[in-house]
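For reference, the structure is listed below as structure tokens.
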DNA sequence: GGGCCGATCAAG
DNA sequence: TTGATCGGCCCA
């Protein structure tokens with residue numbers, strides 16, 4: 001769909017900036033295959049989830065309106081919303097939409113493409129490189145990202161986290177869609193996007209378990 | 001001021 | 001299947 005000229009070259013930084021300022025679904029799709037660099041490690045994003053803003057998406061942190069915690073979501077696009085959950089995990093979001101619209105994209109998984117040694121150090125016990133950034137909290141841990149990176153710009157290139165457009169665009173036919181993970185409200189909506197066939201995608205909960213009833 | 005729950009992960 | 005572990009948010 002996206003006709004980006006210049007051969008196999010992906011979208012420009014400017015194009016990505018524009019994309020993030022718009023509706024969250026195209027923004028989420030456009031974040032696939034982008035690279036994210038922090039703390040000496042670079043990952044290629046393989047799985048993301050879109051979250052709408054106030055009112056329409058019960059699963060969104062901004063659903064109930066603006067609070068001190070989610071204030072970044074209401075700001076300009078292209079900034080990091082980093083939140084802490086389950087008493088131990090950090091997760092990274094890219095703020096989307098214009099100022100006042102609190103949509104965001106949760107970065108769920110990626111493939112480590114640079115800084116492999118550092119990522120392995122940050123995630124001791126991981127046997128397979130595929131698992132280094134497989135899952136939102138793992139992704140943050142591999143990059144060494146925590147709450148301190150919250151509210152910083154991602155596209156400017158001078159912050160703790162640097163987001164760059166993909167080297168090569170993702171073919172639309174290779175993007176898979178499904179329901180979001182661990183979401184109660186709005187679970188029926190198809191707002192999770194990943195690159196089909198990527199081993200780094202956390203597909204273990206891609207759909208409801210279909211285990212047959214023991215006794216019928 | 002108190003209690004509950006969460007956009008998770010890893011081990012049994 | 002369940003424990004770990006703590007900040008945000010709701011209710012009193």
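The values are calculated or read from the model by the stated rules, or taken from the named source; none is laboratory data. What you see is a predicted model; the values in this text were computed from it and never measured. All Cβ positions, glycine included, derive from the backbone under ideal geometry; neighbour counts span all protein chains shown.
Odds and ends about this structure:
- Total residues in region A:127-148 satisfying the condition of being more than 10 Å from DNA strand B (Cβ to nearest atom) and surrounded by fewer than 21 Cβ atoms within 10 Å (Cβ to Cβ): the figure is 7.
- Residues that are surrounded by fewer than 17 Cβ atoms within 10 Å (Cβ to Cβ) and over 12 Å from residue A:48 (Cα atoms), drawn from region A:190-202: A:196, A:197, A:199
- Of all residues in region A:112-126, those that are touching a helix residue (DSSP H, G or I) at 6+ places or on another chain (Cβ under 8 Å) and surrounded by fewer than 22 Cβ atoms within 10 Å (Cβ to Cβ) total 5.
- The condition (being at pLDDT below 95 and either in a helix (DSSP H, G or I) or within 16 Å of DNA strand C (Cβ to nearest atom) (or both)) is satisfied by just one residue among A:148, A:127: A:148.
- Boolean, residue A:98 is in a loop (DSSP other than H, G, I, E, B), at pLDDT 95 or above and either away from DNA strand C (no atom under 11 Å from the Cβ) or loosely packed, with under 14 Cβ neighbours inside 10 Å (or both): yes
- Odd one out for residue A:141, checked against (1) touching a strand residue (DSSP E or B) at 6+ places or on another chain (Cβ under 6 Å); (2) modelled with pLDDT of 95 or more; (3) over 24 Å from residue A:25 (Cβ atoms): (1)
- Residue selected from region A:167-176 under the condition in contact (Cβ under 8 Å) with a residue 40 or more places away in the chain and touching a strand residue (DSSP E or B) at 6+ places or on another chain (Cβ under 7 Å), by the criterion surrounded by the most Cβ atoms within 10 Å (Cβ to Cβ): A:170
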